[in-house]
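The values are calculated or read from the model by the stated rules, or taken from the named source; none is laboratory data. Bear in mind the structure is a predicted one, so any value in this text is a computation, not a measurement. Reconstructed Cβ throughout: ideal geometry from the backbone, glycine too, with neighbour counts over all protein chains shown. The protein model used for the area step is the full one, side chains on, heavy atoms only, and it has no ligands, DNA or RNA in it. Shrake-Rupley method; radii C 1.70, N 1.55, O 1.52, S 1.80 Å.
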2 protein chains.
Amino acid sequence: MKNRTLAGTLSKKDEKKEVVLKGWVQKRRDLGEIIFIDLRDRSGVVQTVFNAEISKEALVIADSVRSEYVVEIKGEVVERDEDTINPKIATGEIEVLVSEIKILNASLNPPFSLTDDIDVSEDIRLKYRYLDLRREVMQETFKLRHKATQSIRAFLNDESFLEMETPMLTKSTPEGARDYLVPSRVHEGYFYALPQSPQIFKQLLMVAGFEKYYQFARCFRDEDLRADRQPEFTQIDIETSFMSMDDILDMTERMMKKVMKEVKGIDVQTPFLRMPYDEAMERFGSDKPDVRFGMELVSLSDVVKESSFKVFREAVENGGKVSGLNLKGKADQYSRKDLDNMTDFAKIYGAKGLAWLKVEEEGLVGPIAKFFSEEEQNQFRSLLEAEAGDLLFFVADKKQVVFDTLGALRLKLAKEHHLIDESKYEFLWITDWPLLEYDEEAGRYHAAHHPFTMPMESDLDKLDTDPGAVRAQAYDLVLNGYELGGGSLRIYQREMQNQMFEKLGFTKEEAEAQFGFLLDALEYGAPPHGGIAFGFDRFIMLLAGRTNLRDTILFPKTASAQDPMTEAPSPVDIKQLNELHLKLN
Amino acid sequence: MKNRTLAGTLSKKDEKKEVVLKGWVQKRRDLGEIIFIDLRDRSGVVQTVFNAEISKEALVIADSVRSEYVVEIKGEVVERDEDTINPKIATGEIEVLVSEIKILNASLNPPFSLTDDIDVSEDIRLKYRYLDLRREVMQETFKLRHKATQSIRAFLNDESFLEMETPMLTKSTPEGARDYLVPSRVHEGYFYALPQSPQIFKQLLMVAGFEKYYQFARCFRDEDLRADRQPEFTQIDIETSFMSMDDILDMTERMMKKVMKEVKGIDVQTPFLRMPYDEAMERFGSDKPDVRFGMELVSLSDVVKESSFKVFREAVENGGKVSGLNLKGKADQYSRKDLDNMTDFAKIYGAKGLAWLKVEEEGLVGPIAKFFSEEEQNQFRSLLEAEAGDLLFFVADKKQVVFDTLGALRLKLAKEHHLIDESKYEFLWITDWPLLEYDEEAGRYHAAHHPFTMPMESDLDKLDTDPGAVRAQAYDLVLNGYELGGGSLRIYQREMQNQMFEKLGFTKEEAEAQFGFLLDALEYGAPPHGGIAFGFDRFIMLLAGRTNLRDTILFPKTASAQDPMTEAPSPVDIKQLNELHLKLN
């Protein structure tokens, strides 16, 4: 049997053709005289028919096959009877009358049903990942991933970028997240580190004059895992020379526009909204706001700064703030007890409490209403655009706590009340990021992004006097409330890089020991450069409409960084350890 | 200054245009009144001209710049005088009269000249890799690498392959080469291994029903390095289901044909020559023969098996063999002393000696001539197609020693006498590989390729009686004497895989512990499958006409697996080791 045809491509135009199909038994219905087998391959499914009239021999074999057997069949494509047409599948108008069948391989009964709506623990799915991946939803996700990969590549190739491969066995640097280490056999007591990102290498490629670099780079972080983290992940890594921030943002927008069109058939409007970090925090309580819906935070500090309600007034007096948000028209869905219980939610984010007021025709109603003058109440209503039936929430605290709490509450309420149009893809840029973050514990500043980020020229004079106020030439791309990627212009002059390391509390010797080669490189004609990197797994998750990052990775690790299939990590021979000059503690 | 133009794209059609260029100072010639600066960017070089008539200010700045400074200039494109046209560069007919120049970054004097023909140790080149990579030959190599990458991808995408990413943190298996290990922090005493290849994962992707997989996969082997080995390397990794060996070879040939055309402009003839392993050894003494020239080995065992020359006769009697080769027309270039000295070369390959005979009009001349009858001498001449002036070499030993020695001698002589047309690209397949190799030391058989290789059906009956004679459904692609890649059909039935592990001396428990998940997978409807993998770095080396694998990798390691630039590997904090539950020995 030769010249295989793909099952999913068959249609009425193939009527009367003799075809050879190879694939898996998706389903088998035995009606005694006649057996139907739905045959699946990578292209789809087709119904095949066995009966004694066509081939007694084939019918006997068909009787013995079971789900997930691998078979090869020869048969004739025929139109189905009007009343057996199946509009749910692409090949539903035809079926294949089988004259020959050969079993290529048998299959045990799979430990779970290979359908999209399975109810089985993720550990079992991962243990039998090769079966889990046969499910249509998984097949479609990885086809989409492939398509997105090629779409992005084609764009970058057209823009004259070079795809380049940076090393995986690199040098460990204590800055940033925890490295995965790789002991050296040749150099006793020495270790490589797996890259957390190709950051320094891509900058060196700019110093090397390549000007336009990209890579689908595997990156590694040995951090405690959350639902949306994996020990290894893929990053679309981009770096350019001689391009301004506007150039980079514009290029990114064109790239995203192309991918969204090619992969999802969606026309995305460009340019994307650009929002300074401070504004994002004030309006959405988040540096990655989901702007598919409103319910924005409103600052009420000015209204309450002289209020008789001490909690609010003192928050402002102590350098904190008070903000509120308005859940439109849902006041009647919340009992006083419901609302009191929401304090527990607020506490997760460090708030001491969550105040609320219901809006009624007569005025604001609720336990704290009495503390506010009519003028103050009117201002609440006006600023929060409140009408009868609305429910207002307030947090008074340190700025970050107010933002975190109301930002989280905004998302929670939007989900609960289905305020988000899930079919929408809303991109936006967050700009004007702080360059440095003060670390109370360590008593020093940390790089908010990484130590190679270029400060804004207009803020340079504040580097010594008010480091926390210096903004960076950095930008994040946000999609539907997820940070899709981020980047910055980089420092390209040694003098400024020295100064930055000094601000970050590095001694000259420490900077030299860890980043000496980069500092050296900056002295040999480093061009102005900058770039961006995107979390590719997460992007695929959003494009595929999935909610679990692991569904976008072929062989992911569990939350405890294990692979239930291979059982990695695993113990190794003592001989292997000896060769690496290591002992277990 | 806006709208940058690329220097290397300027030509006479741009005459009178005002352009903005950004790049590096390649060369500066100061003639006092006038200064010439060759400005380089990723596209090429253009000559720029500074004089006081155009801009006094620009002239002053031009006076201060040095090699490798990064500058931005504005100027007018003008035709050069007839006598100053430089045909050596693409932009040689024009130059740019500079009205403005801005220094974007200064540069120290580079530690070596950034030209193609540098005479500097590789360690220094690697330490300043960001400068080394600025050299034109390096820039061209990585542009070629990019181009080859995209050409291969486009081919595979067109053939409906999916690009898929397999994990880097995997399970250590003692089979094969030495693994690089990655200690787990979460699971005390447990380790991941970096993949030596994605072999098992790609097979599982076939079990998962994807049917056509590819990846540019980073692979890792902790072996002692040779000139053409790196601890990490890139492999074009391909696997397919339901394809025959012929299908896979044909697809590969079409891929190679396309790449050679697109990257080198060369039309490669397909189908490629296919040669069984045994024939390659007999004719070329190599399993990766360079077939760009002849000088083939000729078996003379039948001629000498009853010879009075004991050394030859006994080699055959003891199960070994005698072969010879003919260096045409070069006999007069070798003195008796030269020829005696060549014995040392033969000894490298385990041969006890290297016999020779010069062909003269009168007959064969040399120390061993007297041992052979006229009939034997005539047969030598006839089989080796010898004429007066030729020089014949002979080795009598165990088969492998004969092949190794004469195979190496053949290459050495071809290089010394320039018998190889270096502009040629000669592909060929080696097929019919032995499935198993007997390991004298371990007293058992090893998989010649890997334990998942499918035996030839016609040899299956020999698996028990004569395992060494069983051939594999395996194939290597050879280009110009280099192994470019190899692959095989895989075992897809558990029963046969069990049998194979047994043959390889695995107990049931060992097989289960190491490969249990693969064995399980074979029981759930594994399709017939097979694939191939290519050493991409080496392929680029051949395409770029380089001889050093490190010149095809952006940031390679030295022979002692170090990076002189980052100084990886390096010591790490004791805190890092403690977190990994490790102590140095």
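Here the relative contact order of chain A, from alpha carbon pairs under 8 Å that lie six or more residues apart, stands at 13 percent.
A 1.4 Å probe run over the protein assembly as shown, with the rest of the protein chains in place, finds 42 Å² accessible per residue.
The modelled label-to-label distance between residue B:422 and residue B:269, using points 7 Å beyond Cα along the C-beta direction, is 2.4 nm.
Ordered by solvent-accessible area of protein heavy atoms (1.4 Å probe), largest first, the residues A:417, B:529 come out as A:417, B:529.
The label-point distance for residue B:439 and residue A:3, in a model that sets each label 7 Å from Cα toward Cβ, rounds to 4.8 nm. Helix A:336-348 and the long axis of chain A differ in direction by around 90°, with both axes built from C-alpha atoms. Quick check: net charge around residue B:350, other residues with Cβ under 12 Å of its Cβ, Lys/Arg +1 and Asp/Glu -1? Once positives and negatives cancel, what remains is +2. In order along region B:397-411, phi translates into HN-Hα couplings of 5, 4, 3, 4, 5, 4, 5, 4, 5, 5, x, 5, 4, 4, 5 Hz, rounded to whole numbers, per the Karplus curve 6.51 cos²θ - 1.76 cosθ + 1.60 with θ = phi - 60° and x for Gly and Pro. Computed extension gain for residue A:382 through residue A:80, at 0.36 nm per residue and net of the alpha carbon distance, reaches 102.1 nm. Averaged over the residues of peptide A:508-515, the number of Cβ atoms from other protein chains lying within 10 Å of each residue's Cβ is 1.
The 3J(HN,Hα) values that the Karplus relation (6.51, -1.76, 1.60; θ = phi - 60°) gives for region A:75-91 are, in residue order, x, 10, 7, 10, 5, 7, 4, 2, 7, 10, 4, 10, x, 6, 10, 4, 9 Hz. Gly and Pro appear as x. In chain A, helices alone account for a calculated mean residue ellipticity at 222 nm of -8500 deg cm²/dmol, with every DSSP H run of four or more residues adding -39,500 (n - 2.57). Since only B:582, B:114, B:383 are under comparison, the one whose Cα sits farthest along the positive direction of the charge dipole of chain B, derived from C-beta charges on Lys, Arg, Asp and Glu, is B:114. Diagonalising the gyration tensor over the Cα atoms of region B:190-292 and scaling each eigenvalue by 5 before taking the square root yields semi-axes of 27, 22, 16 Å, largest first.
Relative to the longest principal axis of chain A, what angle (0 to 90°, nearest 10) does the C-alpha long axis of helix A:245-259 take? It is inclined by approximately 30 degrees.
Taking amide H as placed 1.01 Å from N in the peptide plane, residue A:163 has its amide H under 5 Å from the amide H of A:214, each at least 5 places away in sequence or on another chain.
Taking all protein chains together, B:179, A:83 sort by accessible area into A:83, B:179, largest first [probe 1.4 Å].
Net charge dipole, region A:293-420: roughly 560 debye, given to the nearest 20, about the Cα centre with Cβ charges of +1 for Lys and Arg and -1 for Asp and Glu. Close amide-amide hydrogen proximity is noted between residue A:329 and A:390, A:391, each under 5 Å apart and 5 or more residues distant or on a separate chain (H modeled in the peptide plane; Pro and chain starts excluded).
For residue A:79, inter-copy separations between label points set 7 Å beyond Cα along the Cβ vector come to 7.3 nm, shortest first. Annotation: amide H of residue B:48 within the under-5 Å range of B:37, B:38, B:39, B:96, sequence separation 5 or more or interchain, hydrogens built in the peptide plane. With a Cα cut-off of under 16 Å and a minimum spacing of 8 residues unless on different chains, the lysine pairs in region A:7-105 number 9. Under the criterion of Cα pairs below 8 Å and six or more residues apart, the relative contact order for region A:293-420 equals 36 percent. Using the Karplus relation 6.51 cos²θ - 1.76 cosθ + 1.60 with θ = phi - 60°, the per-residue 3J(HN,Hα) values for region A:163-169 come to 7, 9, 10, 9, x, 9, 9 Hz, with x marking Gly and Pro.
Put B:475, B:482 in order of accessible area, highest first, and with a 1.4 Å probe you get B:482, B:475. Note on chain A: dipole from Cβ charges, positive end direction compared against A:419, A:284, A:445; the farthest Cα belongs to A:419. Peptide B:188-196 shows a mean partner chain C-beta count of 6 within 10 Å per residue C-beta. FRET efficiency for the pair residue B:352 and residue B:583, taken as 1/(1 + (r/R0)^6) with r the Cβ-Cβ distance and R0 = 60 Å, rounds to 0.75. Sorted from closest to farthest, the other copies place their residue B:92 label points 6.9 nm away, with each point set 7 Å from Cα along Cα→Cβ. For region A:283-338, applying the loop criterion from DSSP together with a ceiling of 14 other beta carbons within 10 Å to the GluC sites (Glu not before Pro) yields A:306. This model, with +1 at the C-beta of Lys and Arg and -1 at the C-beta of Asp and Glu, gives region A:7-105 a dipole about its Cα centre of some 460 debye.
At full extension, residue B:336 and residue B:13 could sit 109.7 nm farther apart than now, given 0.36 nm per residue minus the alpha carbon distance. Split the accessible area of region B:293-420 by element, probe 1.4 Å, and carbon with sulfur accounts for 47%. Among the trypsin sites (Lys or Arg not before Pro) in region A:51-97, those located in a DSSP loop and surrounded by at most 11 other Cβ atoms within 10 Å of their own Cβ are A:88. Taking a point 7 Å from the Cα of residue B:519 along the Cα-to-Cβ direction, the residues of region B:455-494 with backbone N closer than 20 Å to it are B:455, B:464, B:490-494. Legend: mean number of C-beta atoms from other chains within 10 angstrom of residue C-beta atoms, peptide A:206-217, equals 5. Calculated FRET efficiency, residue A:63 to residue B:458, Cβ-Cβ distance, R0 = 30 Å: about 0.40 to the nearest 0.05. Each Cα pair under 8 Å and six or more residues apart adds its sequence gap; the mean of these over the residue count of region A:108-226 is a relative contact order of 21 percent. Computed with a 1.4 Å probe on the full set of protein chains, the accessible area for residue B:310 sits at about 120 Å². If R0 is 60 Å, what FRET efficiency do you get for residue B:507 and residue B:113 from their C-beta distance, rounded to 0.05? Approximately 0.45, to the nearest 0.05.
Here the label points at residue A:306 and residue B:89, each 7 Å from Cα along the C-beta direction, are separated by 7.3 nm in the simple model. Put a plus charge on the Cβ of each Lys and Arg, a minus charge on the Cβ of each Asp and Glu, and nothing anywhere else: the dipole of region B:483-585 about its Cα centre is then about 320 debye. Positive-end ranking of B:434, B:245, B:216 along the dipole of chain B, with charges on Cβ about the Cα centre, is headed by B:216. With label points defined 7 Å past Cα in the direction of Cβ, position residue A:317 shows copy-to-copy spacings of 11.4 nm, given to one decimal and shortest first. Both chains summed, the buried accessible area for B and A stands near 10600 Å², from protein heavy atoms and a 1.4 Å probe.
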